[in-house]
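So the structure is just underneath, and the comments pick up after that.
The values are calculated or read from the model by the stated rules, or taken from the named source; none is laboratory data. Keep in mind the model is a prediction, meaning the values are calculated, not measured. Methodologically, a virtual Cβ is constructed for each residue, glycine included, from the backbone with ideal geometry; neighbour enumeration extends over all protein chains shown.
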Amino acid sequence: CVCVSPGVVRSLHALGRLKRMYCTETRPYNQGARLTAYEAVAEGFPATLITDSMAALTMREKSITAVVVGADRVVANGDTANKIGTYQLAIAAKHHGIPFYVAAPSTSCDLSLESGRHIVIEERPAEELTSINGVPIAAPGTSGG
């Protein structure tokens with residue numbers, strides 16, 4: 001299971017259906033490493049942290065049976081918005097024939113928006129990509145996007 005939805009993971013674990021949870025780091029702000037993996041370990045789930053770029057290979061090599069992601073926003077037609085890496089997870093899951101699920105609380109639903117085209121996408125500061133804790137990790141003059 002490549003997953004970021006704690007409620008779903010709790011249920012799978014309680015049912016004995018969770019063999020391993022693969023948490024993506026969720027760059028550039030590392031929410032997966034700082035939050036998802038932390039919560040998984042704190043609750044006793046079998047969890048492995050992987051880089052965002054390892055997701056497709058992990059799906060192919062580790063017999064992933066489902067991908068479950070959260071959503072920051074779900075709109076009237078069912079379109080969703082989440083962290084930037086979610087799109088590549090969806091494409092990789094489809095390529096590998098793995099079911100892809102979005103699990104989101106009702107507070108993420110915004111029925112006032114007709115479609116995903118109307119969702120305002122959060123843009124994070126470039127420094128989150130070009131530095132860690134204020135220490136530059138990219139070549140001087142490199143912009144983050």
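If the condition is being within 17 Å of Gln31 (Cα to Cα) and either surrounded by fewer than 14 Cβ atoms within 10 Å (Cβ to Cβ) or modelled with pLDDT under 95 (or both), then region 53-69 contributes Ser53, Val68, Val69. For region 70-85, the count of residues that are within 26 Å of Ala14 (Cα to Cα) and either charged (D, E, K, R) or exposed (fewer than 13 other Cβ atoms within 10 Å of the Cβ) (or both) is nonzero.
I want to confirm something. Restricting to region 1-52 and keeping residues that are aromatic (Phe, Trp, Tyr) and more than 16 Å from Leu89 (Cβ to Cβ), which single residue is surrounded by the most Cβ atoms within 10 Å (Cβ to Cβ)? Across region 1-52, the extreme among qualifying residues is Phe45. Kindly establish whether Lys62 is out of contact with any helix residue (DSSP H, G or I) (no Cβ under 8 Å at 6 or more places or on another chain) and of a type in the set (Lys, Arg). Yes: the conditions hold for Lys62. I want to confirm something. Restricting to region 20-60 and keeping residues that are in contact with a Gly (Cβ under 6 Å, 6 or more places away or on another chain) and of a type outside the set (Asp, Glu), which single residue is farthest from Gly145 (Cα to Cα)? So the residue we want is Cys23. Pairing residues of region 36-50 that are more than 15 Å from Arg17 (Cα to Cα) and of a type in the set (Asp, Glu) with residues that are part of a strand (DSSP E or B) and modelled with pLDDT under 90, at Cβ distances under 8 Å and at least 6 apart in sequence or on separate chains, gives no pairs at all. Does Glu114 qualify as being modelled with pLDDT of 95 or more, over 18 Å from Ser11 (Cβ atoms), exposed (fewer than 14 other Cβ atoms within 10 Å of the Cβ) and of a type outside the set (Gly, Ala, Ser)? In short, yes. Residues of region 15-34 that are outside any loop (DSSP other than H, G, I, E, B) and of a type in the set (Ser, Thr, Tyr): Tyr22, Thr24. Which of the residues spanning region 130-145 are surrounded by 11 or more Cβ atoms within 10 Å (Cβ to Cβ), assigned to a strand (DSSP E or B) and hydrophobic (A, V, I, L, M, F, W, C)? Passing the criteria: only Ile132. Taking residues in region 131-143 that are among the small types (Gly, Ala, Ser), and partners anywhere that are assigned to a loop (DSSP other than H, G, I, E, B), the pairs with Cβ atoms closer than 9 Å and at least 6 places apart or on different chains are Ser131/Ile137; Ser131/Ala138; Ser131/Gly144; Ala138/Gly144; Ser143/Ala126. Within region 23-43, restricting attention to residues that are under 10 Å from the mean Cα position of the chain (by Cα) and at pLDDT 90 or above, the residue that is farthest from Ile64 (Cα to Cα) is Glu25. Within region 95-110, the set of residues being over 10 Å from Arg73 (Cα atoms), surrounded by fewer than 16 Cβ atoms within 10 Å (Cβ to Cβ) and not aromatic (Phe, Trp, Tyr) comprises His95, His96, Gly97, Pro99.
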